[in-house]
């Protein structure tokens, strides 16, 4: 690795990259963050001492690599019983609640599945039997309001439809199919309570909340000698014009601004804004935290997440469109009814913002082209911040591997991009 490491973006990916670069031996590390505090999109707003979380964000339980890394640098986590469920529509049109499963449960047998014909989400859906495929397509169109043929198949993960429970299946036969057919294992699931699996039984949240976590990590970085520059917007063209073989760059921020400086057209993205509404909870007789996914393709809410912060119990409705506040409380009560009776207080926060977690096929192809150009220009000294993977663990593994390779690489710079 070069003697200096510059990390653009002070979200979780950038913070973890700084800790790993330090572990690998670098002692001249700078994080540049455009906002006034570290944390990126995972840092919530604070209102009356409580965090207004825009969605369901938590860490894995025992053995989680991210938790272990952050704990080694002073962070504290609290484990909890990981409770979740989903609401789907049965063959008779009635709502069906499935406990301990965050994906869709479709009232259909486990018909034969195959390898998707291409890398699109449409092809992934078409790999299922027709009844399941049609149900999933309706959900995708409700959620994203776009053609699944334009979306990359990996978007099934953030959409939570990467595995389906065929509720009319014989469970023993389904378990056998999953054990013997890799595509059946990839596309089908058996809920935790029906399979006897113990994975995901516990999860973790930062003690005191996410804002406290990131402020503590800022202090830990400073104690290691990492320079943290806040309110620092890095101009991509200026960065691309530099030719410093002694500096490794980790771009942990949004990659969109890099396309034009590298002579590439910016690919078309999934332009979708989501609306969030946080309610105070007056009473709930179920577990906390807990979340429920909505796969009925009805209403506005695709996920309800109930949590505690600042001594208050709150529930956030993540919505595919602007919600009707007259009907939204009923949606939330229905979604969480499988776990307990919910009594809501007032709305304490609402927000609307785009999310870039659903990649189009054009975006995935564009990112591959961008990686190629960056490699031509910088060799291994420019490290993309694991832009494509959705899972935090996959991002960590990819960036750590790239940092390890950069440590061994000989700096190589070629002609500047136009």
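The values are calculated or read from the model by the stated rules, or taken from the named source; none is laboratory data. Because the structure is predicted, anything quoted here is derived from the model rather than measured. Cβ: placed from backbone, ideal geometry, glycine included. Neighbour counts: every protein chain shown.
Based on what the data block shows, is residue 37 surrounded by fewer than 16 Cβ atoms within 10 Å (Cβ to Cβ), within 24 Å of the chain's Cα centre (by Cα) and closer than 30 Å to residue 172 by Cβ? I'd like the intermediate steps shown before the answer.
Values: surrounded by fewer than 16 Cβ atoms within 10 Å (Cβ to Cβ): yes; within 24 Å of the chain's Cα centre (by Cα): yes; closer than 30 Å to residue 172 by Cβ: no.
So residue 37 fails the test.
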For residue 323, state whether it is in contact (Cβ under 8 Å) with a residue 40 or more places away in the chain and within 29 Å of residue 165 (Cα to Cα).
yes
For residues that are part of a helix (DSSP H, G or I) and farther than 15 Å from residue 89 by Cβ, scanning just the range 110-132, find the one that is farthest from the chain's Cα centre (by Cα).
130
So which residues in the range 350-359 are at pLDDT 90 or above and surrounded by fewer than 21 Cβ atoms within 10 Å (Cβ to Cβ)?
350, 351, 352
Checked the range 206-237 for anything surrounded by fewer than 12 Cβ atoms within 10 Å (Cβ to Cβ), within 16 Å of residue 9 (Cβ to Cβ) and without any contact (Cβ under 8 Å) to a residue 40 or more places away in the chain; matches are 235
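Out of all the residues in the range 31-48, which are in contact with a strand residue (DSSP E or B) (Cβ under 8 Å, 6 or more places away or on another chain) and part of a loop (DSSP other than H, G, I, E, B)? Please lay out each step first, then the result.
Restricting attention to the range 31-48, the residues satisfying the condition of being in contact with a strand residue (DSSP E or B) (Cβ under 8 Å, 6 or more places away or on another chain) are 31-33, 38, 44-48.
Passing the criteria: 33, 38, 44, 48.
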Out of all the residues in the range 376-386, is one or more within 20 Å of the chain's Cα centre (by Cα) and at positive phi?
yes
Can you tell me which condition residue 203 does not meet? The list is (1) within 24 Å of residue 318 (Cβ to Cβ); (2) surrounded by fewer than 14 Cβ atoms within 10 Å (Cβ to Cβ), and all the others hold.
(2)
Suppose we filter 267, 257, 287 for residues that are out of contact with any strand residue (DSSP E or B) (no Cβ under 9 Å at 6 or more places or on another chain) and surrounded by fewer than 22 Cβ atoms within 10 Å (Cβ to Cβ); which single one remains?
257
Considering each residue of the range 268-303, count those that are modelled with pLDDT of 95 or more, outside any loop (DSSP other than H, G, I, E, B) and under 15 Å from residue 317 (Cβ atoms), and give that number.
16
Looking at the range 356-365, is at least one residue in a strand (DSSP E or B) and either within 20 Å of the chain's Cα centre (by Cα) or at positive phi (or both)?
yes
Checking residue 12 against (1) under 19 Å from residue 405 (Cβ atoms); (2) touching a residue at least 60 places away in the same chain (Cβ under 8 Å), only one condition comes out false. Which one?
(1)
From 107, 81, 28, 92, grab the single residue that is in contact with a strand residue (DSSP E or B) (Cβ under 6 Å, 6 or more places away or on another chain) and either surrounded by fewer than 21 Cβ atoms within 10 Å (Cβ to Cβ) or assigned by TED's automatic domain parsing to the domain that holds residue 318 (or both).
28
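Can you tell me which residue among 343, 326 is in a strand (DSSP E or B) and loosely packed, with under 14 Cβ neighbours inside 10 Å?
Details: 326 fails: in a strand (DSSP E or B).
Sole residue among the options that is in a strand (DSSP E or B) and loosely packed, with under 14 Cβ neighbours inside 10 Å: 343.
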Would the range 270-292 turn up any residue that is closer than 30 Å to residue 334 by Cα, free of Cβ contacts under 8 Å to residues at least 60 places away in the same chain and under 24 Å from the mean Cα position of the chain (by Cα)?
yes
Could you tell me which of the residues 70, 87 is within 30 Å of residue 168 (Cβ to Cβ), outside the structural domain of residue 293 (by TED's automatic domain parsing) and modelled with pLDDT of 95 or more?
87
